[in-house]
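Every number in this text was worked out from the coordinates using simple rules, so none of it is lab data. Just so it is clear, the model here is predicted, and its values are computed rather than measured. Cβ sites come from the backbone with ideal geometry, for glycine too, and all protein chains shown count toward neighbours.
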Amino acid sequence: MVFKFIKGEFIDVIEWTDDSRNTMVYRFERYGNAIKYGAKLTVREGQVAVFIHEGQLADVFGPGMYMLETNNMPVMTTLQHWDHLFNSPFKSEVYFVNTRRFPNLKWGTQNPIMLRDPEFGAVRLRAFGSYTIRVSDAGRFMTEIVGTDGHFTQEEISQQIRNIVVQKFSRTVAQSGIPALDMAANTKDLSEIIAEAISPTLTEYGLEMPELYIENISLPPAVEKALDKRTSMGIVGDLDQYTKFAAAEAMQKAATQDGGGMGAGLGAGMGMGMGMAMAGQMANPQAGGAAPQAAAPAPQAAPPPPPPPAEAAWHIAENGATKGPFGMNDLQQMLTSGGLSRKTLVWTAGQDGWKPAGEVPALAGLFAASPPPPPPPPPAG
């Protein structure tokens, strides 16, 4: 103990080198917290030295080298009521605050977020990403967060900030009105809105968030599976033609299987004949030959017509909000009343993002049928 005291008396350099990469605050350990008058304080770039005297925030030093004397420690001098130079040590705790950026901190929604989607109705979303924080006000950070912790790391506050990010994300997404299928194209704007909403809370902690990223927004697995089926149906096209083709392929495959025996050969011939007949019907349904009357099959009832195609549902973006869905008749009425123009942004399922209505081929008929604007009145006189 005596050796430590003597060693503390002769050490007159106060500095800290961070080799952990995750330490935000480090308390300079000194025997009895005794600091000699005239000691050298070295504060490196990316650091701030904070002096705490008898539980009060005293002086804050930015990057540089300082001789701890009365003339450059005004707050400490006021607290001690020194009227002249002193040679005896003063007792004060010195904390080094790391002001560099702490990047690649993770956030994510532990539970799905419930929101109302303009196309799918009530849906649940999950999201995750990363963010960066840094200390912007060392004094406030010490008084509001650190306290007397002599070795404060980023893990001690990352959970709290992660909860703030998730809360602001949930509120922002729920109020945005952006369809779930369009959120991937708007992650940059959402990130900026969330970071701006978080800023006042972090300022109270003496922190700031230079970067916030949304890396992924996903739907529940069951919804994603249903979307995959919907996409597959869109690729198939005419479902009736596809059904005929699949049936013809199945019968041809059954006919080519070698089952053995006369019955198998007869079944193979019948299967191949039926498969070829259905394939020919699909290729040329209007063609027909005059078959012998005796070989003509018995008349059968005509199959019912296929259901009419589903009408496209259109959404309209107006004043930052999404309206819809609307049918073609609704759009016609809106065009007549002036609620729809060629510049109005519209979107429907399968369309690549929002587009002006005048550039959408499916809506060309609306504007072709509508009269042009009236000519200006003739000049007076």
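Residues with beta-carbon under 15 Å from that of Val43, excluding Val43: net charge, scoring Lys, Arg +1 and Asp, Glu -1? So the environment of Val43 carries a net charge of 0. A convex hull fitted around the alpha carbon atoms of segment 77-232 yields 127 Å³ per residue. In this structure the amide hydrogen of Asp117, modeled in the peptide plane, comes within under 5 Å of the amide hydrogens of Ala122, Val123, none closer than 5 places in sequence on its chain.
Full extension of the segment from Phe120 to Thr201, taken as 0.36 nm per residue of separation minus the current Cα-Cα distance, would add 25.8 nm.
Going by neighbour counts of Cβ atoms within 10 Å, the residues Lys106, Lys323 line up, fewest first, as Lys106, Lys323. Using the Cβ-Cβ distance between Ala246 and Ala313 with R0 set to 22 Å, the FRET efficiency works out to roughly 0.15.
Each residue of segment 216-227 was assigned a 3J(HN,Hα) from its phi angle through the Karplus curve 6.51 cos²θ - 1.76 cosθ + 1.60 (θ = phi - 60°); the sequence is 7, 10, 10, 8, x, x, 5, 5, 5, 5, 5, 5 Hz, with glycine and proline shown as x. Other residues with beta-carbon under 9 Å from the beta-carbon of Ser130 carry, at +1 per Lys or Arg and -1 per Asp or Glu, a net charge of -1. Among Asp228, Asp12, Asp352, Asp137, a tally of other beta-carbon atoms within 10 Å of each Cβ gives an order, fewest to most, of Asp352, Asp228, Asp12, Asp137. Distance between the modelled labels on Glu144 and Asn216, one decimal in nanometres: 3.3 nm (7 Å Cα→Cβ projection). Taking each residue as 0.36 nm, the span from Gln159 to Ala364 lengthens on full extension beyond its C-alpha to C-alpha distance by 68.5 nm.
Extension gain, Asn329 to Glu15, is 105.5 nm, computed as 0.36 nm per intervening residue step minus the present C-alpha separation. All other residues whose Cβ lies under 9 angstrom from that of Glu204 are scored, Lys and Arg at +1 and Asp and Glu at -1, for a net of 0.
The modelled label-to-label distance between Gln167 and Met65, using points 7 Å beyond Cα along the C-beta direction, is 4.6 nm.
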